[in-house]
1. Could you work out the relative contact order of the stretch 314-380? I mean the mean sequence separation of Cα pairs under 8 Å and 6+ apart, divided by the number of residues, in percent.
2. Obtain the radius of gyration and the Kirkwood radius of the stretch 256-318 from its C-alpha atoms and give Rg over Rh.
3. Which part of the stretch 137-160 falls in the paramagnetic zone of Glu56, meaning amide N under 16 Å from the point 7 Å along Cα-to-beta-carbon?
4. Pairing rule first: another cysteine's C-beta must sit under 4.7 Å. Under that rule, which cysteines of the chain stay single?
5. Please report, in cubic angstrom per residue, the volume enclosed by the convex hull of the alpha-carbon atoms of the stretch 78-160.
6. Angle between the Cα long axis of helix 3-16 and the longest principal axis of the chain, 0 to 90 degrees, nearest 10?
7. Net charge around Glu145, counting only other residues with Cβ within less than 14 Å of its Cβ (Lys, Arg = +1; Asp, Glu = -1)?
8. Of Leu372, Phe119, Val24, whose Cα points farthest to the positive end of the dipole of the chain (charges on the beta-carbon: +1 Lys, Arg; -1 Asp, Glu; origin at the Cα centre)?
Amino acid sequence: MDLHALREDMVAFSKEIGIDKIGVASPDVFTELKERLRAQQELGYQSGFEKGSLDERTTPNMHVPEAKSIISIAIAYPSKMKDAPRSKRGERRGLFCRASWGQDYHDVLNDKLNRLAEFLEEKYPGFRWRSMVDTGELSDRAVAERAGIGFTGKNTNLITKEFGSYVYLGEIITNIPFAPDDPVDDSCGDCNICVDACPTGALVQGNQLHAGKCIAFLTQTKGFLPDEYRDKIGNRIYGCDTCQTVCPKNKKKDFHLHPELEPDPELVKPELKPLLSISNREFKEKYGKMAGSWRGKKPIQRNAIIALAHYKDDTAVEELIRVMKEDPRPVIRGTAAWALGKIGVPSSYDVILHAKEKETDEEVLLEMDKGLAFFTNATV
C-alpha cells in the first residue's frame, strides 16, 4: 500500500471534516514524560484526576498492541466573546473558562476522531485503533508535541504557530505505519510572563505545574476551597485562562471556525445568584452540554458563592442566608456563612450566630466562625 498517498488522503479528509491541524507521532514510549510524571508524583504536584499508571500513561502499545503510529489532531477554539453581558450591581456574573465555551469539546473531538477512523478503516485492511481526548491515559499534549502540532510552553499548554494555545487536542493510536512528523522547536525563550502572572503560583517554574494550586483544578474540586485561594479565584466559576491570556504567543489569536464551539454569552458568563437555587434537572438542561458541567452543580455553586463574596454583593445576602440555613450540603452551607461575613452586612452577624446554634457539622461551624471573625476583626 502507498502510505504516502493514504496520508495525503487522510490530511485532505481531515480538512473536510473540520480538523484544523493534523500530524503523526511515533508510538515509542514517552520516556522523558515518564520521568517528569514520576517527579510530579514524588513532589505531590498531581491533581488526582489523572488516569492510569505511569506505564499506561506513557506506553502507547499498552492500548493498541500493534501500534505503529499515533495520529494527533488539533481543533481551534475562540478566545473572544461577542456581546458579552456586563456584570453590574444586583446582577453580578461568573465566568466559565474558554475551554468550556460552546459544546463539550470531548464530544466534538471524539466525533471527528471517529469519522477519521471510519475513513481509514475503509482504506486500510486490518485497521486497528483507539482514540483518546483529554480523559484517556496518554498525554494529548505530549503526543501533539511529538507529532509537530506545536511546542509545550512554560504555561504547560501546547502552543501552535497558527492558533496559539487555543486548541483542543486528541489522538488515534493506530497500526498504520505512517512516518512520524518532526517536532517543532520551543520558542518561549526568556519570556516568563505566564509564570509571573499565575494568581496562585501554580506554575512553580517554566513547564512545571503544581496542579493542586492551579485555579483550573481548584474550581473543579467538591470540598471546601482552602482559605488561601478564595480571594484568588475572583469570579471564576470553572477553570482559569490567565496563563493563556497573558501569553504573547496568543496575541490577536481568536478563531471562530466551528459553530458548535461558539459561546452562548448567558451560559459562559452567567448571573451568580440564580445558580444558588438551580435544581439538578435545570442545571443539566442548561449547562449539561458544556465541558464545565462534568463535575455537576456543586462546585459551580460553591464557586458562585465565593464570587458573590468577591464582589461583596449585598444584594445576595438574603439568598445566602437561605442557603446557609436550608441547603443540605455542608460545603454549600459553610461557604455561604463565610461569604456572608466577607460581604459584611452588619445584620448578617446575628443571623450567622443564630444559625450556628442549630448547626451540627463541625466543618460548617468552622466556616461560621470564619464568617463571624470578619465582623469582629473589622471592629478591632
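No value in this document is a laboratory result; all are computed from the given coordinates. Everything numeric here is computed off the predicted structure, so don't read it as measured data. All Cβ positions, glycine included, derive from the backbone under ideal geometry; neighbour counts span all protein chains shown.
1. Working: 76 pairs, mean separation 23.3, N = 67.
Result for the stretch 314-380 is 35 percent.
2. Working: Rg = 13.0 Å, Rh = 12.8 Å.
Across the stretch 256-318, the Cα-based Rg/Rh ratio is 1.02.
3. Within reach of a label on Glu56, which here means backbone N under 16 Å from a point 7 Å along Cα→Cβ, the stretch 137-160 contributes 137-140.
4. Cys with no partner Cβ under 4.7 Å: Cys97, Cys188, Cys191, Cys198, Cys214, Cys240, Cys247.
5. Values: hull volume 12.4 nm³, N = 83.
Per residue, the Cα convex hull of the stretch 78-160 comes to 149 Å³.
6. 40
7. Numbers: positive: Lys21, Arg36, Arg141, Arg146, Lys154, Lys161; negative: Asp28, Glu32, Asp140, Glu171, Asp181, Asp182, Asp185, Asp186.
With Lys, Arg at +1 and Asp, Glu at -1, the neighbours total -2.
8. Farthest towards the positive pole: Leu372.
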